[in-house]
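In what follows, a structure is listed as structure tokens, so that the remarks can point back to it.
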Amino acid sequence: MPVRLLVLCLALGAAGCGEGLVATEVPTAAAVTGSARIEGTLEAGPNAAAGIRVSALGTGRWTVSGPGGRFVLDTLPGGTVTLRFEGRDVDARLDVALVEGGTVNLVVRLSGDQAVLVAP
């Protein structure tokens with residue numbers, strides 16, 4: 001791949017294009033890797049919540065919810081992970097138990113500083 005095309009691809013990826021893009025933060029500690037995965041849908045009242053940043057604290061993993069409030073976080077460690085939801089009028093946290101190699105499906109209702117698990 002020519003260098004210019006590679007640089008363009010990296011720049012577009014870093015710009016956050018795409019639904020449910022999974023990105024990594026620059027870790028402040030050692031990078032955390034694993035094989036657990038979270039697939040979820042966010043609601044704000046009766047509506048889907050798109051454009052909410054979803055972070056797995058302490059892992060360097062984050063994404064932004066896409067249309068329909070859908071998000072995916074993968075390469076997470078097993079054990080309890082705290083999710084942080086940040087967006088317009090929202091800054092909430094929720095602890096989620098993960099099993100190495102497993103996938104957790106969530107529906108989370110957000111309101112201000114409250115994140116309530118509606119369903120697995």
For the stretch 35-70: of the residues being hydroxyl-bearing (Ser, Thr, Tyr) and part of a loop (DSSP other than H, G, I, E, B), which is modelled with the lowest pLDDT? SER35
Matching option when the condition is at pLDDT 50 or above and farther than 23 Å from ALA119 by Cβ, among VAL32, VAL99: VAL32
Among residues of the stretch 82-109, those that are over 18 Å from THR41 (Cβ atoms) and among the hydroxyl-bearing types (Ser, Thr, Tyr), counted: 1
Residues within the stretch 71-120 that are at negative phi, outside any strand (DSSP E or B) and touching a residue at least 24 places away in the same chain (Cβ under 8 Å), tallied: 6
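The values are calculated or read from the model by the stated rules, or taken from the named source; none is laboratory data. Treat the numbers as computed from the prediction; the structure is a model and nothing was measured. A quick note on method: Cβ atoms are made from the backbone with ideal geometry, for glycine too, and the neighbour counts reach across all protein chains shown.
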